[in-house]
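Bear in mind these aren't lab numbers, they're just calculated from the coordinates by the rules spelled out. In this text the structure is predicted, and so the values were computed from the model without any measurement. Cβ coordinates were reconstructed from backbone atoms using ideal geometry, including for glycine residues, and neighbour counts include every protein chain displayed.
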Amino acid sequence: MKILPQHKLRYVLGIFGAAVLCYGGLHVIGHRTNDRIQSYQSDALPYADVVEVKPGSEYFFTWGVTASPRMKAIAAHSVENRYGDTYQQSYAVLVQLASDLAEVGLSLRDVVNVRAYIVADPEPDFAGWNKAFTEFFGTATNPHKPARTTVGISRLFHSDYRVEVEFTAAFPDGRGPHNVGTRHHERYTRLDRVETSDRWKSYGRPAWPMSTGKATKADTGLFFSSAVRPASMLPNPPPGFYMFGNISQQSDSLFKQMGLQLKAAGLGYEDVFFIRACVYPGADSIAKSFASFNKEYRKYFNNSRNPNRPTRTVMSTPGFNYRKQSISIEYYAAYPSDAETLPQASRVSIGESPAVASNSSLGPGGVAVAPDATMLFLAGSIPSVEGSFEEQAISALEAMKTRLEIADADIDDLVQLRAYLAHADPKTLDARIATWESLYRETFDKENAPAITTLPVVAIVGGGLIEIEAAAAVKR
């Protein structure tokens, strides 16, 4: 048996002790309940069907978290599988997210929504992710279950990453950095951060181009965008002819369209607190594509004119690369306290979404949510039937409607809808997108349609062809 030198032994024991204290502390925190949220959950699922959040709540939106290298691999100077398999990375990511929550006074019991992106290698290991998830949620120490969406993606920034996860959490009364006199408010005050909005507090290292989390104030009006895809470089392109430019030109197009949408909503770049970017595999390497996107990003964020650093999730999906589009984004923004355009109704559709497959706008550019609306976060709904894509899409829509009914809501209350479509050859995928767009138009009244994102992904849990994720806002 090999004996470690004394200084190395102290180091290992120190790391182990810190981990035990952190893990135990998080579980002690987890014993309290959050009276601002109600989780509609069953024993049959490892996640909740719906999580309801009381009006006027404070939220914490995290960035997309990936795994750090494992201690043993680093100690052995190994680079092979240094981040672990899907289960190991999922576990590490959830530990990191729990630590991020604790920094602002939250615990796993405060999480209302989870999105997980699992890299296909060659197929996504959904079972490994689910195993780790069920060790943190729905347990004896933490019986709470959040809503959850899981999809298979192409890859992440580093080729060894297998998992990226983002949380949305709601603060219990009296907790968090917005409550003056609490230790979390004092801790944030010591950070001496420059904020571009009076509606949030930012976390993360100042040198990073994004925040690791944004804690929004109570009674904040929110704006949820539809997906933004690059505009054609030709004003009226002929059918089937696509010309969007390189990744830098497409990224610039996205941010310019974002500016127009924000203006229509009475907002600006300084009010954006979350961005989700999907880069599609193409001629350029993923690393080069991410670098090009970041270069354009810095022209609009994290600069002298606009020091705002939104939280971010960046990943690679099959997307619409076959149409020579290389990237798409969606984003959330917060209305400032003196906003003149703050919606009075629970939800208000604003503008039009960019042109889609049918060369016309599919839904609104985004939806504004009143600060006194009750928010509902729905788990991703998958079809319960086999068959054609249309049959599966209708089944997933029905499952989503059932989840709304559980929380005493209906489709007119939806503010945001994401449809993840299983990837296929271009002809088949175009047919699926056209079918989905037709169903969307049939299901939702144009004046009351939710913000919409359609995204081809590698795989859907259960092998289905579509998964639908949604959020709703109601006034009780």
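For the range 167-181, the residues whose amide N sits under 20 Å from a probe point set 7 Å from the Cα of residue 476 along the beta carbon direction are 169-175. Residue separation of residue 139 and residue 205 scaled by 0.36 nm, minus their Cα-Cα distance, works out to 20.5 nm of gained length. Ranking 142, 460, 47 by how far each Cα lies toward the positive end of the dipole of the chain (charges on Cβ) leaves 142 at the top.
Length gained on full extension, residue 384 to residue 263: 39.5 nm, using 0.36 nm per residue less the C-alpha separation.
By Kyte-Doolittle mean hydropathy of at least -0.5 and Cα axial length of at least 30 Å, which whole DSSP H helices of the chain are selected? Span-like helices in the chain: 6-29. Stretched out straight at 0.36 nm per residue, the stretch from residue 344 to residue 85 would grow longer than its current Cα-Cα span by 88.5 nm. Here the ratio of the Cα radius of gyration of the chain to 2.2 N^0.38 Å is 0.95.
Each part reduced to its alpha carbon centroid, the range 442-476 and the range 305-330 end up 19 Å apart.
If R0 is 22 Å, the Cβ-Cβ spacing of residue 448 and residue 428 corresponds to a FRET efficiency of close to 0.10. The distance between label points at residue 127 and residue 406 comes to 2.5 nm (points 7 Å beyond Cα on the Cα→Cβ vector). For residue 243 and residue 284, a Förster radius of 25 Å and the Cβ-Cβ distance give a FRET efficiency of 0.90, rounded to the nearest 0.05. Let me test this: with uniform point scatterers at the alpha carbons of the range 230-384, what is the Debye-based log₁₀ I(q)/I(0) at q = 0.11 1/Å? Treating every Cα as an identical point scatterer, log10 I(q)/I(0) equals -0.50. Contact order for the chain, expressed relative to its length and based on alpha carbon pairs under 8 Å spaced 6+ residues apart, stands at 18 percent. Projected onto its three principal axes, the C-alpha set of the range 125-276 covers 59, 42, 29 Å, listed from the longest axis down.
Taking label positions 7 Å along the Cα-Cβ direction at both residue 187 and residue 361, the computed distance is 4.3 nm, reported to one decimal.
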